[in-house]
Each structure stands twice: as C-alpha cells, then as structure tokens.
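Q: The structure follows.
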Amino acid sequence: MTVTKHKNKSCQVKADLGERRCFITGEPGLRSSLIRFVEGPDQLIYPDLSEKLGGRGVWLKASHSVLETAIAKGSFRKALHTNVTVPEGFVEHIADLLKKRCLEILGIAKKAGYLVIGFDKVKETAHQYPIEVIVQAKDGSPTEKKHLQELFSDAFQVEDFMTEELDLALGRDFCVHLGIKKSKLAETFKKEVLRWRAYQEKEENKE
C-alpha cells in the first residue's frame, strides 16, 4: 500500500504497518498479539519474539492450540516452502520464552530506574510519578495485594509470577510488590504479558 496525502489513507497505511495476518486462522491482528517464526540455517523453526531475525517469516496468533494445529498439519513447511523441522517440545518451549521475555523486561525496567520495589516504596513513589503497572507475586500476602490493587485500580495488574521468579529476574530477595512508572517500558511489559497470557489461552488476558 502506498502512502498518499489523503489524511484517512495515510492513517490506514500506518495502522496496516502494525498488523499481520495469522497464516493458520487467516485473522489479522496487531504484531504484539502474534508471534513471528523463521527458518534457521539448520532447517529448524525458530520463534522471533523480538522481530529481529533475518529471512522470510510467517506470523501466527499467540495461542498454543493454534501452534499445535500448525505443527500437526505441517503448515510451517507449506507456508515457508521448505523442509523446515519443528523441534520436540516446541509448544512448551514457546511458553517458557514468552514468560522469560516478560521477566527480562522487568530487569531492564529496574536498570533504567522505572521499576519500584516494595509495598511501601510503591505507595510513596506514586505521589511523585504515575504508576502504570502493578506486579505482585502469586504467593504474596493476599491482604497487601488487595490493598495495592484497590489503591492502583487504574493500573495494569499482574499476578503471574512467583516470588522466587521475580527475585531471580531482579537479582534481589523479597520482590513481592512492584510498580512500573509510566514509560515505554511499562507499555512493552503490558504487551508482552498480554501475549503470554493469550498464548496460554487464559480468559483473564484482557487489559
């Protein structure tokens, strides 16, 4: 599609650039809600979560059942016109990678100064900076978690990780209550969490 001076056409072009079509369902969707796959030099299929790998790629809806269908039907070979092979345990491997990506972004947010750690610290910081995301460990105190949920009811709520996972990702102990300040990293984290939830086909994957 070519950019034109017509305002509506120009907006449509920009919107289309952020969308791709799932090669199994045929449904269009935002790139952040799909996963790109490419063939490696070893003729194995690889997920390109950061969309930086070279070569021809195909897009798939972030859904383990859709991926299972693609594998069962040999759809990657048909779409890429090669004898590409899907490794054993690929479906579970993608889930692990999506989860790891979310945790890595938390680590980046910490280094960049956008992550606030600690129940009291999150509440204090909110007086100076808007908190866009609240992350609380699954195994954290129900009372404290409910308090932050109510206090930051407009924030994106995440309770998808255990304390041990957050500790490991952030390189410190007792990472139970976290807040991410309003930033591009907060937006990126939200998109990755939603994609991971969608892949697991959770009903609560809505923002």
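The values are calculated or read from the model by the stated rules, or taken from the named source; none is laboratory data. Bear in mind that the values here come from a model prediction, so they are computed numbers and not experimental data. All Cβ positions, even for glycine, are placed from backbone atoms using ideal geometry, and neighbour counts span all protein chains on display. SASA here: full protein model, heavy atoms, side chains in, ligands and nucleic acids out. Shrake-Rupley method; radii C 1.70, N 1.55, O 1.52, S 1.80 Å.
Q: Residue by residue through the stretch 42-53, note down the ones that are open to solvent by less than 60 Å² (accessible area, probe 1.4 Å) and over 17 Å from Arg195 (Cβ atoms). Give the derivation first.
A: Narrowing the stretch 42-53 to residues open to solvent by less than 60 Å² (accessible area, probe 1.4 Å): 44-45, 47-50.
Correct list: Leu44, Ile45.
Q: From (1) surrounded by fewer than 20 Cβ atoms within 10 Å (Cβ to Cβ); (2) assigned to a helix (DSSP H, G or I); (3) not aromatic (Phe, Trp, Tyr), pick out the condition that doesn't hold for Lys110.
A: (1)
Q: While we're on this one: Check Asp120, Asp160, Asp173, Asp167 and return the single one that is of a type outside the set (Val, Ile, Thr) and under 20 Å from Leu49 (Cα atoms).
A: Asp160 is the lone residue from the list that is of a type outside the set (Val, Ile, Thr) and under 20 Å from Leu49 (Cα atoms).
Q: Ok, one more. With at pLDDT 95 or above and either β-branched (Val, Ile, Thr) or within 27 Å of Ser183 (Cβ to Cβ) (or both) as the only criterion, which of Gly89, Gly107 stands out?
A: Details: Gly89 fails: either β-branched (Val, Ile, Thr) or within 27 Å of Ser183 (Cβ to Cβ) (or both).
From the options Gly89, Gly107, the qualifying one is Gly107.
Q: Does Gly29 satisfy the criteria of being open to solvent by less than 60 Å² (accessible area, probe 1.4 Å) and modelled with pLDDT of 90 or more?
A: The answer is yes for Gly29.
Q: If I ask for residues that are in a loop (DSSP other than H, G, I, E, B) and modelled with pLDDT of 95 or more, which ones from the stretch 50-63 would you list?
A: Result: Ala62, Ser63.
Q: Taking interchain pairs and intrachain pairs at least six residues apart, which have beta carbon atoms under 7 angstrom, with the first residue in the stretch 81-93 and in contact (Cβ under 8 Å) with a residue 60 or more places away in the chain and of a type in the set (A, V, I, L, M, F, W, C) and the second surrounded by 15 or more Cβ atoms within 10 Å (Cβ to Cβ) and part of a loop (DSSP other than H, G, I, E, B)?
A: none
Q: Continuing with the same structure: Here is a list: Thr143, Thr188. Which entry is at pLDDT 95 or above, over 19 Å from the mean Cα position of the chain (by Cα) and not charged (D, E, K, R)?
A: Of Thr143, Thr188, the one residue that is at pLDDT 95 or above, over 19 Å from the mean Cα position of the chain (by Cα) and not charged (D, E, K, R) is Thr143.
Q: Within the stretch 115-126, identify whether any single residue is of a type in the set (A, V, I, L, M) and open to solvent by 50 Å² or more (accessible area, probe 1.4 Å), and answer yes or no. It would help to see each step written out before you state the result.
A: Taking the stretch 115-126 as the starting set, the residues that turn out to be of a type in the set (A, V, I, L, M) are 115-117, 122, 126.
Keeping just the survivors that are open to solvent by 50 Å² or more (accessible area, probe 1.4 Å) gives none.
Checking the stretch 115-126: not a single residue is of a type in the set (A, V, I, L, M) and open to solvent by 50 Å² or more (accessible area, probe 1.4 Å).
Q: Now for a different question. Checking the conditions here, which among Phe156, Phe174 is under 30 Å from Gly29 (Cα atoms) and aromatic (Phe, Trp, Tyr)? Full working, then the answer.
A: Values: Phe174 fails: under 30 Å from Gly29 (Cα atoms).
Going through Phe156, Phe174 in turn, the sole match is Phe156.
Q: Looking only at the stretch 63-90, which residues are open to solvent by 20 Å² or more (accessible area, probe 1.4 Å) and within 24 Å of the chain's Cα centre (by Cα)?
A: Hits for the stretch 63-90 are His64, Ser65, Glu68, Thr69, Ile71, Val86, Pro87, Glu88, Gly89.
Q: If you don't mind, there's one more thing I want to ask. Inspect the stretch 198-206 for any residue being touching a helix residue (DSSP H, G or I) at 6+ places or on another chain (Cβ under 8 Å), of a type outside the set (A, V, I, L, M) and crowded, with 20+ Cβ neighbours inside 10 Å and give the result as yes or no.
A: Yes: one or more hits.
Q: Now for a separate question. In the stretch 50-86, how many residues are farther than 18 Å from Glu27 by Cα and of a type in the set (Asp, Glu)?
A: The qualifying residues number 1.
Q: Output the number of residues of the stretch 73-107 satisfying the condition of being assigned to a helix (DSSP H, G or I) and either under 26 Å from Leu194 (Cβ atoms) or in contact with a helix residue (DSSP H, G or I) (Cβ under 7 Å, 6 or more places away or on another chain) (or both).
A: Counting residues in the stretch 73-107 that are assigned to a helix (DSSP H, G or I) and either under 26 Å from Leu194 (Cβ atoms) or in contact with a helix residue (DSSP H, G or I) (Cβ under 7 Å, 6 or more places away or on another chain) (or both) gives 21.
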